[in-house]
Structures are given as C-alpha cells and as structure tokens.
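> Structure provided below as structure tokens; questions to follow.
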Amino acid sequence: MPLVEDVCSRIVSEDELSHLLEYLLDFACDEKILKLYKRVCRRYLYVYPGCIKFYIEAYREMWEDENK
C-alpha cells in the first residue's frame, strides 16, 4: 500500500510505473491487490496510455480466464 500511495501522489517515470505494475500483476488474483492495481492504472491512464493498455491486457491474459 505505501508504494501505491507514493506512486499515485506524484508523476513517476514509465520504468518505475512498469516495475510496480509488474509486481502487482503477479498478485492481482487477490481482490485487495487488484484494487491497488486498478487504482494505479486509473491514475496513469492519460499519462502513459500505451503502458497502461499493455498492463490491462496482461491482467486479462493472466487472470480473467482463471476467475471465470
């Protein structure tokens, strides 16, 4: 949670954002982590749209089929 708070409180580089999203993605099957993941994606959607699109698709590929 502190990492997400920090990243959402300022503008980070795309590399730093990718690193955090990569970490959160591994645990996004957990509802609490998924909420944090979505929060970060919403915060940066218009700052780094290509990066966010990539991680939304990565989430879908990794976890959507498993949740059905």
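The values are calculated or read from the model by the stated rules, or taken from the named source; none is laboratory data. Because the structure is predicted, anything quoted here is derived from the model rather than measured. Every residue, glycine among them, receives a Cβ derived from its backbone with ideal geometry; neighbour counts consider all protein chains shown.
> Does any residue of region 41-57 turn out to be among the aliphatic types (A, V, I, L, M) and modelled with pLDDT under 95?
Within region 41-57, the subset among the aliphatic types (A, V, I, L, M) is 45, 47, 52, 56.
Remaining after also requiring modelled with pLDDT under 95: none.
No, region 41-57 contains no residue that is among the aliphatic types (A, V, I, L, M) and modelled with pLDDT under 95.
> Please work out which residue is surrounded by the fewest Cβ atoms within 10 Å (Cβ to Cβ), limiting yourself to region 4-21 and to residues that are in contact (Cβ under 8 Å) with a residue 12 or more places away in the chain and under 20 Å from residue 63 (Cβ atoms).
Out of the qualifying residues, it is 18.
> Looking at region 36-51, which of its residues are in a helix (DSSP H, G or I) and in contact (Cβ under 8 Å) with a residue 12 or more places away in the chain? Break it down stepwise before answering.
First pass over region 36-51, keeping only residues in a helix (DSSP H, G or I): 36-44, 49-51.
Once the filter is applied, which keeps residues that are in a helix (DSSP H, G or I) and in contact (Cβ under 8 Å) with a residue 12 or more places away in the chain, region 36-51 yields 36, 37, 39, 40, 41, 43, 44, 51.
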